[in-house]
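Below is one structure; the comments refer to it alone.
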Amino acid sequence: MFSLGCVFLEIATVLAGRQVPDLFDNIGHKVAYQHGIERCFNWIKELKDKSPSGAALCTALPWIGPLLRKDMTVRPRSTKLLKTMKDSTEGHLKLRQNFFCSTC
């Protein structure tokens with residue numbers, strides 16, 4: 001799940017109009033994600049602060065932090081993550097179409 005959080009963070013970076021090298025500059029080029037977790041959380045906050053309120057990205061950003069927790073025992077399992085994702089897009093058909101295929 002940690003790796004998925006890293007991938008989601010890179011995707012969110014691009015969706016926010018930034019580039020993945022911007023993310024790496026923030027967490028440190030020589031630092032692996034797991035050694036720069038606090039900087040990853042700061043990056044998530046920066047992306048959220050610079051995104052328009054109500055943007056799809058603002059809906060997705062809260063999914064990332066729990067996946068990057070240092071303690072793997074408190075990271076969400078895939079079923080919990082999917083439920084969280086579905087719950088946070090409930091009633092927003094356009095958001096659901098942006099994040100899920102028709103079978104999800």
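The values are calculated or read from the model by the stated rules, or taken from the named source; none is laboratory data. All figures in this text were calculated on a predicted structure; none of them were measured in a lab. Please note: Cβ atoms are built from the backbone with ideal geometry, for glycine as well, and neighbour counts cover all protein chains shown.
Can you tell me which residue within the stretch 76-90, out of those that are closer than 17 Å to residue 4 by Cβ and of a type in the set (D, E, K, R), is surrounded by the fewest Cβ atoms within 10 Å (Cβ to Cβ)? Before you say what the answer is, go through the steps one by one.
Filtering the stretch 76-90 down to residues closer than 17 Å to residue 4 by Cβ leaves 76-86, 88.
Now narrow it down to the ones that are of a type in the set (D, E, K, R): 77, 80, 83, 86.
Values: 77: 9, 80: 12, 83: 12, 86: 13.
Looking at the filtered set, the residue picked out is 77.
In this structure, does residue 70 turn out to be at pLDDT 90 or above and closer than 20 Å to residue 2 by Cβ? Against the criterion (at pLDDT 90 or above and closer than 20 Å to residue 2 by Cβ), residue 70 qualifies. For the stretch 39-75, the set of residues classified as surrounded by 13 or more Cβ atoms within 10 Å (Cβ to Cβ) and among the β-branched types (Val, Ile, Thr) consists of 44, 59, 64, listed by residue number. In the stretch 1-30, the residues that are in contact (Cβ under 8 Å) with a residue 24 or more places away in the chain form Cβ pairs under 6 Å with partners that are not polar (S, T, N, Q) and not in a helix (DSSP H, G or I), at six or more places apart or across chains, as follows: 1/75; 5/68. The set of residues in the stretch 23-38 that are surrounded by 15 or more Cβ atoms within 10 Å (Cβ to Cβ) and either outside any loop (DSSP other than H, G, I, E, B) or at positive phi (or both) comprises 23, 24, 26, 27, 33, 37.
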